[in-house]
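**Student:** Below are the structure tokens for one structure; questions will follow.
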Amino acid sequence: MDKAQLADFLRRRREALQPEDVGLRRGSRRRTSGLRREEVAALCDMSVDYYSRLEQSRGPQPSEQMLAAMARGLRLTLDERDHLFRLAGHTAPVRALRSDHISPGIMRVLDRLADTPAQVMTELGETLAQTPAARALFGDETRYEGLMRSVGFRWFMDLSVRDVYPAEDHPMHSRAFTADIRTVYAKHGEHSRASAMVRALLAESPEFAALWETHDVRSNHPREKRVQHPEVGVMELQCQFLVDPEQGQTLLVLTATPGTESYDLLRLLSVLGTQELAARR
């Protein structure tokens, strides 16, 4: 680990970022060149003290998980991410079509959607980043590990995650998640993570096993879906997708038709999400 070079790299990347780059407002009294340390720490979901010690060459060797969080928070390119890992004494992650690293372009779009439910997901349905409004709607989906990172896997293994949709819509979503998993499995083969997921689901979920036998390859996820929240109720939302084929990732954005009750409820949810984020900080 090269503490001096790591500190210099982090500091220069922080100073190169502007508030507008990460969806923050530029206050009239701002004098800092680039972002403040506390702003970057919040973007990386780590303490200000931990990040500050790294910039001051006083911190411990960051784990690969912490480095991935910093690469995302600092909006690094893949080359910059690899450089960050090497400075910290780790081998750079293997580059593949499926990657947990989000491109700076997708992150810039996500930053501008802070008041809208939006999240970046892998083709296996693993959530990599969420807006505050998305966390208010779905909960923190980035906290899971292993196969549970996939929303399709959780759908069959933890029935509580289904509470976000009305009960009468559950069979439709079960079929859609099964078709999604089959598509990824066919694409990557029997030695992939999708294959491990299929084996686990076939062993543990009779519902999935029955649906798997139908060989349905049509994803039945509706572009318009009903989503429910314990505080604001049921909303009819439209789904928009921005696909990054190079990273194998999708930016999911949920909106409501202006002038409808769902539109007003979604705005209320956005306020709840902002309050939650302020409380965490």
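**Student:** Is it the case, given these coordinates, that Asp216 is closer than 22 Å to Leu254 by Cβ and in the same structural domain as Thr127 (by TED's automatic domain parsing)?
**Tutor:** no
**Student:** Report every pair of residues separated by at least 6 positions or lying on different chains whose Cβ atoms are under 9 Å apart, first residue within the range 234-254 and in a loop (DSSP other than H, G, I, E, B), second among the polar types (S, T, N, Q).
**Tutor:** Glu246/Ser99; Glu246/Ser103; Gln247/Ser99; Gln247/Ser103; Gln247/Thr122; Gly248/Ser99; Gly248/Thr122
**Student:** Using the structure shown, decide if Leu113 is in contact with a Cys (Cβ under 8 Å, 6 or more places away or on another chain) and either within 19 Å of Leu254 (Cβ to Cβ) or touching a residue at least 60 places away in the same chain (Cβ under 8 Å) (or both).
**Tutor:** no
**Student:** Of (1) more than 22 Å from Met157 (Cβ to Cβ); (2) free of Cβ contacts under 8 Å to residues at least 24 places away in the same chain, Thr260 satisfies all except one. Which?
**Tutor:** Failing condition for Thr260: (2).
**Student:** What's the number of the condition Glu231 fails, among (1) surrounded by fewer than 20 Cβ atoms within 10 Å (Cβ to Cβ); (2) in a loop (DSSP other than H, G, I, E, B); (3) under 20 Å from the mean Cα position of the chain (by Cα)?
**Tutor:** (3)
**Student:** Next question, about the same structure. If we only count helices (runs of 4 or more DSSP H) wholly inside the range 1-75, which ones have 3 or more residues that are of a type in the set (Lys, Arg)?
**Tutor:** Correct list: 3-16.
**Student:** Residues in the range 1-29 that are buried (at least 17 other Cβ atoms within 10 Å of the Cβ), hydrophobic (A, V, I, L, M, F, W, C) and touching a Ser or Thr at 6+ places or on another chain (Cβ under 7 Å): how many?
**Tutor:** 1
**Student:** I'm trying to understand the selection: among the residues of the range 133-145, which are surrounded by fewer than 23 Cβ atoms within 10 Å (Cβ to Cβ) and in a helix (DSSP H, G or I)?
**Tutor:** Arg135, Phe138
**Student:** Can you confirm whether the range 24-37 contains a residue that is of a type in the set (Gly, Ala, Ser) and closer than 22 Å to Ala129 by Cα?
**Tutor:** No: the range 24-37 contains no residue that is of a type in the set (Gly, Ala, Ser) and closer than 22 Å to Ala129 by Cα.
**Student:** Turning to a different aspect of this structure: Consider the range 1-44. How many of its residues are at pLDDT below 85 and of a type in the set (D, E, K, R)?
**Tutor:** The total comes to 8.
**Student:** Another question, if that's okay. Considering only the range 146-177, how many residues are outside any strand (DSSP E or B) and under 13 Å from the mean Cα position of the chain (by Cα)?
**Tutor:** 2
**Student:** In addition: With of a type outside the set (Val, Ile, Thr), assigned to a loop (DSSP other than H, G, I, E, B), in the same structural domain as Thr257 (by TED's automatic domain parsing) and surrounded by fewer than 20 Cβ atoms within 10 Å (Cβ to Cβ) as the only criterion, which of Ala114, Ala92 stands out?
**Tutor:** That would be Ala114, the only listed residue that is of a type outside the set (Val, Ile, Thr), assigned to a loop (DSSP other than H, G, I, E, B), in the same structural domain as Thr257 (by TED's automatic domain parsing) and surrounded by fewer than 20 Cβ atoms within 10 Å (Cβ to Cβ).
**Student:** Quick one: in the range 150-184, which of the residues that are surrounded by 19 or more Cβ atoms within 10 Å (Cβ to Cβ) and without any contact (Cβ under 8 Å) to a residue 24 or more places away in the chain is nearest to Glu224 (Cα to Cα)?
**Tutor:** Going through the qualifying residues, I end up with Trp155.
The values are calculated or read from the model by the stated rules, or taken from the named source; none is laboratory data. Keep in mind the model is a prediction, meaning the values are calculated, not measured. Virtual Cβ from ideal backbone geometry, glycine too; neighbours counted across all protein chains shown.
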